[in-house]
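J.: Just dropping this structure here.
The values are calculated or read from the model by the stated rules, or taken from the named source; none is laboratory data. All figures in this text were calculated on a predicted structure; none of them were measured in a lab. Backbone-built Cβ (ideal geometry, glycine too); neighbour counts: all protein chains shown. Just so you know, the surface numbers come from the protein's heavy atoms only, side chains and all, with ligands and any DNA or RNA stripped out. Shrake-Rupley method; radii C 1.70, N 1.55, O 1.52, S 1.80 Å.
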Amino acid sequence: MTTTLAGGRAARRQTMRRIRPRRSPAVPLLLALWAGAGAVLWLWWHTTPSIADTTGRIIGAGRITGLLAGYLMALVVLQMARVPALERRVGSDRVARWHAMTGRYTLCLVIAHVFLIMWGYALQAGRTLGDIVTQTVESVTQLPDMGKAAIGTALLLFIGLISAGGIRRRLPYDAWYHVHLLTYAAVYLTFWHQISTGNDFAVEPVAKTFWYGLYGTVTALVVWYRVLTPVRLNLRHRMRVEAVIEETPGIVSVLIGGRKLHRIGAEAGQFFRWRFLAPGMRCSSHPYSLSAAPRPGMLRITVKAIGDHSARLRDLTPGTRVWAEGPYGALTAQRRSRGKVLLVAGGVGITPMRALFETLPGAAGDITLLYRANSTQDLALWGELAAIADERGARLMYAVNSPDGARPDISAERLREKVPDIEQHDVFLCGPPGFAQSVYEALRGAGVPARRIHHESFEM
């Protein structure tokens with residue numbers, strides 16, 4: 001049995017809209033972040049007296065690494081705040097990569113700060129590098145707010161450890177997610193010693209005010225977008241499971257009803273973080289893309305059973321309350337800049353591509369969808385895709401393994417053969433990381449500029 005959501009009036013209206021590309025604000029944001037780092041360096045330079053000896057140089061290095069670590073901690077939290085300008089304009093996957101990179105730099109700076117400042121304090125007290133542990137214990141027990149800072153630093157080290165690639169891949173998503181939330185506590189605990197023991201803030205009151213403003217703004221954004229906004233959304237729309245339908249073996253669609261869902265502002269290609277208030281699932285929140293254009297009273301996700309949470313979706317019963325956060329993601333029609341579009345989906349990456357296939361503006365022949373799966377039995381939503389292709393005059397192609405298991409050829413040459421003017425297309429791409437990387441390289445080889453290849457990982 002399959003769902004039948006093709007051909008909605010709202011979706012048809014969407015296909016008639018003009019193409020109005022929106023640029024990503026990523027570059028201006030990165031420039032602003034680097035400007036902030038430059039301001040931190042200037043503060044250190046402005047408040048640092050002439051350094052005449054080794055001890056002074058070591059303490060100076062400890063101070064600058066501490067200041068930069070404090071600045072990056074605020075950015076780490078900002079990148080977790082789910083601010084719409086980041087999540088919907090830059091892209092959730094890109095922000096997640098920024099968050100991971102910033103976290104690694106922060107951790108390195110924190111370690112360097114602790115080592116250098118304690119070493120410098122030890123030399124200042126007439127001790128040697130070998131006495132750094134003793135010096136650290138004395139500083140933690142005697143200086144204001146250093147005990148809280150020590151706990152916060154330990155939490156940061158623990159979070160960094162479990163976020164390392166090898167360990168992260170072995171942890172259940174829910175365990176990693178909930179431990180990762182301890183970042184908020186770690187940043188809170190380490191903040192106070194920056195103010196009470198930071199020489200730069202004692203010397204320069206304006207800098208202290210700026211630091212309070214920076215952390216206060218980030219805190220307000222977290223409270224607004226991670227707490228108050230989801231509460232408002234769910235109280236307003238009161239979502240519930242309407243039905244669960246098996247599309248193909250191991251893949252189910254969940255129909256979610258609610259009040260005035262079209263006013264959420266979701267677009268085809270976006271996703272929500274879903275929490276189903278059923279036994280064993282209440283504490284789990286996972287990201288799943290919309291697999292159809294939003295309807296006034298209906299949203300739909302289509303999910304492959306690849307983990308405990310996704311496997312339990314088939315057992316949901318109608319009436320189950322749903323708690324959602326979103327919409328997120330920048331893989332929308334607003335990224336498009338050309339008249340013709342190629343959509344490339346791999347596996348369950350078909351879910352956002354199916355919604356875009358239905359709604360992207362375009363005349364007959366402008367939209368092409370290439371669907372990669374292991375076999376024809378794994379082509380979820382194929383009936384709907386075929387109906388949309390017939391209605392819109394769009395092209396629909398699939399690439400599956402041969403009977404002997406050989407993978408289909410999705411090379412630059414093959415893409416040019418199937419789509420002769422491919423270099424004139426915008427390309428939307430979604431699928432597993434390995435598949436996405438290989439197709440991206442093939443598209444570049446086929447002459448598609450990088451700025452017109454729009455992709456977003458669904459493994460959040």
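J.: Of everything in region 218-256 that's within 20 Å of Asp308 (Cα to Cα) and either touching a Phe, Trp or Tyr at 6+ places or on another chain (Cβ under 6 Å) or among the polar types (S, T, N, Q) (or both), which residue is surrounded by the fewest Cβ atoms within 10 Å (Cβ to Cβ)?
T.: If we take residues in region 218-256 being within 20 Å of Asp308 (Cα to Cα) and either touching a Phe, Trp or Tyr at 6+ places or on another chain (Cβ under 6 Å) or among the polar types (S, T, N, Q) (or both), then Thr248 is surrounded by the fewest Cβ atoms within 10 Å (Cβ to Cβ).
J.: When you go through Pro279, Pro287, Pro296, Pro318 one by one, which is the residue that is modelled with pLDDT of 95 or more and open to solvent by 10 Å² or more (accessible area, probe 1.4 Å)?
T.: On the way: Pro279 fails: modelled with pLDDT of 95 or more; Pro287 fails: modelled with pLDDT of 95 or more; Pro296 fails: modelled with pLDDT of 95 or more.
The match here is Pro318.
J.: Ok, one more. Given the conditions (1) touching a Gly at 6+ places or on another chain (Cβ under 7 Å); (2) closer than 26 Å to Arg82 by Cβ; (3) part of a loop (DSSP other than H, G, I, E, B); (4) of a type in the set (Gly, Ala, Ser), report the number of the one that Ala292 does not fulfil.
T.: Going through (1) touching a Gly at 6+ places or on another chain (Cβ under 7 Å); (2) closer than 26 Å to Arg82 by Cβ; (3) part of a loop (DSSP other than H, G, I, E, B); (4) of a type in the set (Gly, Ala, Ser) one by one, Ala292 breaks only (1).
J.: Please verify whether region 360-367 includes one or more residues that are touching a Ser or Thr at 6+ places or on another chain (Cβ under 6 Å) and surrounded by fewer than 24 Cβ atoms within 10 Å (Cβ to Cβ). Spell out how you get there, then give the answer.
T.: Our first condition is that a residue be touching a Ser or Thr at 6+ places or on another chain (Cβ under 6 Å); within region 360-367, this holds for 361.
Then keep just the ones that are surrounded by fewer than 24 Cβ atoms within 10 Å (Cβ to Cβ); that gives 361.
Yes.
J.: From the set of residues in region 422-456 that are within 19 Å of the chain's Cα centre (by Cα) and open to solvent by 40 Å² or more (accessible area, probe 1.4 Å), which is nearest to Arg23 (Cα to Cα)?
T.: His455
J.: Also, I was wondering about something else. What number of residues in region 257-277 are touching a Phe, Trp or Tyr at 6+ places or on another chain (Cβ under 7 Å) and more than 16 Å from Ser291 (Cβ to Cβ)?
T.: 2
J.: Right, Leu342: in contact with a Leu (Cβ under 9 Å, 6 or more places away or on another chain), part of a strand (DSSP E or B) and aliphatic (A, V, I, L, M) or not?
T.: Yes: the conditions hold for Leu342.
Okay, residues lined up against (1) closer than 30 Å to Met281 by Cβ; (2) out of contact with any helix residue (DSSP H, G or I) (no Cβ under 6 Å at 6 or more places or on another chain):
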{"site": "Leu123", "(1), (2)": "no, no"}
{"site": "Thr134", "(1), (2)": "no, yes"}
{"site": "Val140", "(1), (2)": "no, no"}
{"site": "Ala150", "(1), (2)": "no, no"}
{"site": "Gly166", "(1), (2)": "yes, yes"}
{"site": "Pro172", "(1), (2)": "yes, yes"}
{"site": "Tyr188", "(1), (2)": "yes, yes"}
{"site": "His193", "(1), (2)": "no, no"}
{"site": "Glu204", "(1), (2)": "no, no"}
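J.: Here's something else I'd like to know. Taking into account only those residues within region 27-55 that are under 19 Å from Leu129 (Cβ atoms) and touching a residue at least 60 places away in the same chain (Cβ under 8 Å), which is surrounded by the most Cβ atoms within 10 Å (Cβ to Cβ)?
T.: Restricting to residues being under 19 Å from Leu129 (Cβ atoms) and touching a residue at least 60 places away in the same chain (Cβ under 8 Å), the top hit is Thr55.
J.: Right, next: Got at least one residue in region 167-185 being part of a helix (DSSP H, G or I), at pLDDT 90 or above and crowded, with 20+ Cβ neighbours inside 10 Å?
T.: Looking through region 167-185, at least one residue is part of a helix (DSSP H, G or I), at pLDDT 90 or above and crowded, with 20+ Cβ neighbours inside 10 Å.
J.: So how many residues does region 411-447 have that are part of a loop (DSSP other than H, G, I, E, B), touching a residue at least 60 places away in the same chain (Cβ under 8 Å) and of a type in the set (A, V, I, L, M)? Give the derivation first.
T.: Within region 411-447, the subset part of a loop (DSSP other than H, G, I, E, B) is 411, 419-421, 431-432, 446-447.
Next cut, touching a residue at least 60 places away in the same chain (Cβ under 8 Å) only: 419, 421, 431-432.
Those left that are additionally of a type in the set (A, V, I, L, M): 419.
Count: 1.
J.: Here is a follow-up. It is to be established whether one or more residues within region 121-129 are crowded, with 21+ Cβ neighbours inside 10 Å and of a type in the set (A, V, I, L, M).
T.: To start, the set of residues in region 121-129 that are crowded, with 21+ Cβ neighbours inside 10 Å comprises 121-122.
Adding the requirement that they be of a type in the set (A, V, I, L, M) leaves 122.
There is at least one residue in region 121-129 that is crowded, with 21+ Cβ neighbours inside 10 Å and of a type in the set (A, V, I, L, M).
J.: Kindly indicate whether Tyr188 is modelled with pLDDT of 95 or more, in contact with a Leu (Cβ under 9 Å, 6 or more places away or on another chain) and either open to solvent by 40 Å² or more (accessible area, probe 1.4 Å) or of a type in the set (D, E, K, R) (or both). If you could, list the steps in order and put the result at the bottom.
T.: Details: modelled with pLDDT of 95 or more: yes; in contact with a Leu (Cβ under 9 Å, 6 or more places away or on another chain): no; either open to solvent by 40 Å² or more (accessible area, probe 1.4 Å) or of a type in the set (D, E, K, R) (or both): yes.
Here the answer is no, as Tyr188 does not meet what is asked.
J.: Could you grab me the full set of residues in region 76-99 that are in contact (Cβ under 8 Å) with a residue 40 or more places away in the chain, within 20 Å of Tyr184 (Cα to Cα) and open to solvent by less than 40 Å² (accessible area, probe 1.4 Å)? Outline the logic, then answer.
T.: We begin by selecting, within region 76-99, every residue in contact (Cβ under 8 Å) with a residue 40 or more places away in the chain; these are 76-78, 80-94, 96.
If we keep only those that are within 20 Å of Tyr184 (Cα to Cα) too, we end up with 76-78, 80-84, 86-87, 92, 96.
Matches in region 76-99: Val76, Val77, Met80, Ala81, Arg82, Val83, Pro84, Leu86, Glu87, Ser92.
J.: With Val419, Val344 as the choices, which residue is among the β-branched types (Val, Ile, Thr), surrounded by 24 or more Cβ atoms within 10 Å (Cβ to Cβ) and within 20 Å of Val439 (Cα to Cα)? Talk me through it step by step, then tell me what you get.
T.: Values: Val419 fails: surrounded by 24 or more Cβ atoms within 10 Å (Cβ to Cβ).
Criteria check complete, one pass: Val344.
J.: Continuing with this model, one more query. If we keep just the residues of region 94-146 that are among the acidic types (Asp, Glu) and under 22 Å from Trp192 (Cβ atoms), which is farthest from the chain's Cα centre (by Cα)?
T.: In the first step, residues of region 94-146 are kept if they are among the acidic types (Asp, Glu); the result is 131, 138, 145.
If we keep only those that are under 22 Å from Trp192 (Cβ atoms) too, we end up with 138, 145.
On the way: Glu138: 41, Asp145: 33 Å.
Within region 94-146, the match that is farthest from the chain's Cα centre (by Cα) is Glu138.
J.: How many residues are within 23 Å of the chain's Cα centre (by Cα) and β-branched (Val, Ile, Thr) when one looks only at region 20-71?
T.: 1
J.: Please go through region 135-153 and pick out each residue that is open to solvent by less than 70 Å² (accessible area, probe 1.4 Å) and either in a helix (DSSP H, G or I) or more than 19 Å from Thr190 (Cα to Cα) (or both).
T.: Within region 135-153, Gln135, Thr136, Glu138, Ser139, Val140, Met146, Gly147, Ala149, Ala150, Gly152, Thr153 qualify.
J.: Residues that are over 19 Å from Thr351 (Cα atoms) and at pLDDT below 95, at least 1 per element: which helices (runs of 4 or more DSSP H) completely within region 197-274 meet that?
T.: Here the list reads 199-203, 205-223.
J.: I want to confirm something. Restricting to region 251-270 and keeping residues that are within 18 Å of Glu384 (Cα to Cα) and among the small types (Gly, Ala, Ser), which single residue is farthest from the chain's Cα centre (by Cα)?
T.: Going through the qualifying residues, I end up with Ser253.
J.: Now for a separate question. How about region 54-93: which of its residues are assigned to a helix (DSSP H, G or I), closer than 30 Å to Ile264 by Cβ and of a type in the set (Val, Ile, Thr)? Step through it out loud before you land on a result.
T.: We begin by selecting, within region 54-93, every residue assigned to a helix (DSSP H, G or I); these are 54-78, 84-93.
Filter again for closer than 30 Å to Ile264 by Cβ, leaving 74-78, 84-93.
Scanning region 54-93 gives Val76, Val77, Val90.
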